[in-house]
Amino acid sequence: MTRYEQSKELYAKFGVDTEQAIERLSQIAVSVHCWQGDDVIGFDGSESLSGGIQTTGNYPGRARTPEELFADLTRAFALMPGKKRINIHACYALLGEDKGKIDRDGYEYKHFAPWVKWAKDNGLEGVDFNPTFFGHPNMKNGLSLSSPDEETRKFWVRHGKACLKIAAQMGKEMGSPCAVNIWIPDGYKDIPADRLGPRQRLIKSLDEMLEGYDKEWVIPAVESKVFGIGVESYTVGSNEFYQNYAATRGMCCLLDTGHYHPTEVVSDKIPAMLAFYDKLQLHVSRPVRWDSDHVVIVDDELKELSKEIIRNNADKKVMIALDYFDASINRLCAFVLGVRSMHKALLCALLQPYEEMKKAQDENDLTKVLYMHERVKFLPFTDVWEEYLRRQGLSEDWWESVEQFKNEVIAKRG
Ligand code: RNT
Ligand code: ZN
């Protein structure tokens, strides 16, 4: 008997079917953010990151061109298990001869067609898209959709509209609806004199932007935030603001695991949202003391968050995207490690005996709930995980690929 076969029997004693777990895991798509590969700079002219978000570290080898980013992503994706999507930002437009001639409000599908081609060539399930409301001179005083300057506000509404149109075509081309996430950095460093006005303008902008979007091929979401660097006192797109906006507009929210007070956890927000919404989008990140966007690892919160998806049968309702950017380590490793961690946590969640535990909770046998939590914690998870990888031609030892990337690619990038 192989180790996997032995473990399969052991899990069966707890009422857990490892074959079912592997099968279910292989159906869950994870949307991988392209921006870990180049420190969130993009190709449309920005030289630095702004808007309350920051990459820190100066590890060499950042992808500087579309060719480099596509090549790095191809290497990274080959090491990732499961169903994958690619998540891109509007600033990753391939403008070609339109460079310098058009601005973000003039972007079209053709500027992103190479991304769709790459996604198809690499067997991806879909492409997700984001308007980019940062790293641009029209972010007047750090404001976009909530700007009191009508010209500025309208420019960003046009950008959003253009992106929704592009997204519809991406969805159609891939045969899988495109998730469009709306995040703006708008806010103030110090105590504002008006907290309502910017929010009213944001409602107006969002309504204008979202008017008539393609409901079949686009799934838009709004992403809230508690604060950003340099935007400490007031964030226009706060949690309450967007939850109410989404609820009244029949759309969905996106919860980023780094966007709440450090004592709040997204794992508990998931079931609260599922009680009211039939779709929810996630940005899985790892905040260390602040929204630091560290590479996702299998920590307790990631395991808890995964349990909320699995035990509520929300595999298709909760759309998982990753959002982190670490410039201090090998970026190929960062990409692959984060994706594998997400899958590991999901598999962990799939190997839990929920029925028995839920029953114990409802019977107020909370001693048993605690006992069971600890009892299953160290069951031979790795045997199932390695079997999952093996079936996809992958293994847990992929360090060599990290070294190869360093020697073959990074070393040659000055
Ligand atoms: C910023 C948000 C946002 C960005 C990406 C690049 O705090 O999390 O989602 O990280 O869109
Ligand atoms: Zn995010």
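Every number in this text was worked out from the coordinates using simple rules, so none of it is lab data. Nothing here was measured: the structure is a model prediction, and the numbers come from that model. All Cβ positions, glycine included, derive from the backbone under ideal geometry; neighbour counts span all protein chains shown.
May I ask you to compute the full-extension gain from residue 10 to residue 304, defined as 0.36 nm times their residue separation minus their alpha-carbon distance, rounded to one decimal in nm?
So the extension gain works out to 103.6 nm.
Run the simple label-point estimate for residue 47 and residue 268 please: 7 Å along Cα→C-beta, distance reported in nm.
According to this spin-label approximation, the distance is 4.6 nm.
In the chain, what % of DSSP beta bridges are antiparallel (nearest 5)? Before the final figure, lay out the partial values.
Values: 6 of 35 bridges.
In the chain, approximately 15 percent of DSSP beta bridges are antiparallel ones.
Can you spot the lysines whose alpha carbon is less than 17 Å from residue 358's alpha carbon? Ignore those fewer than 8 places along the same chain.
307, 368, 377
Around residue 144, with a cut-off of 10 angstrom between Cβ atoms, what is the net charge of the other residues, counting Lys and Arg +1 and Asp and Glu -1?
That sum, taken over residues with Cβ under 10 Å, equals +1.
Compute the distance in nm between two label points, each set 7 Å from the Cα along the Cα-to-Cβ direction, one at residue 78 and one at residue 365.
5.2 nm
Among 355, 68, 387, which one shows the biggest mean-square fluctuation in a GNM of the chain, springs joining Cα atoms closer than 10 Å?
Evaluated over the chain, the most mobile residue of the options is 355.
Around residue 71, what is the net charge, scoring Lys/Arg as +1 and Asp/Glu as -1 over all other residues with Cβ under 14 Å from its Cβ?
That works out to 0.
Positive end of the dipole of the chain, charges at C-beta (+1 Lys, Arg; -1 Asp, Glu), about the Cα centre: which of 86, 382, 281 has its Cα farthest in that direction?
It is 86.
Quick one: divide the alpha-carbon radius of gyration of the chain by 2.2 N^0.38 Å and tell me what you get.
1.00
How do 107, 188 line up, fewest other C-beta atoms within 10 Å first?
Taking fewest neighbouring Cβ atoms as first place, the list is 188, 107.
Cα axis of helix 3-13 to longest principal axis of the chain: angle in degrees, 0 to 90, nearest 10?
That helix lies at roughly 80 degrees to the long axis.
For the range 236-339, give the share of DSSP beta bridges that are antiparallel, in percent and rounded to the nearest 5; count only bridges with both residues there.
20 percent
What is the calculated FRET efficiency for residue 329 to residue 240, with r their C-beta to C-beta distance and R₀ = 60 Å, to the nearest 0.05?
After rounding to 0.05, the efficiency reads 0.95.
At 0.36 nm per residue, and after removing the present C-alpha to C-alpha distance, how many nm does the segment from residue 247 to residue 68 gain when stretched out fully? Can you show the working numbers first?
Working: separation 179, 0.36 × 179 = 64.44 nm, distance 4.07 nm.
Roughly 60.4 nm would be gained on extension.
If each DSSP helix of 4+ residues adds -39,500 (n - 2.57) and the sum is divided by the residues in the chain, what number results at 222 nm, nearest 500 deg cm²/dmol?
Mean residue ellipticity at 222 nm (helix-derived): -12500 deg cm²/dmol.
Run the quick spin-label model on residue 189 and residue 105: label points 7 Å from Cα toward the beta carbon, then report their separation in nm to one decimal.
Label at residue 189, label at residue 105, 2.8 nm between them.
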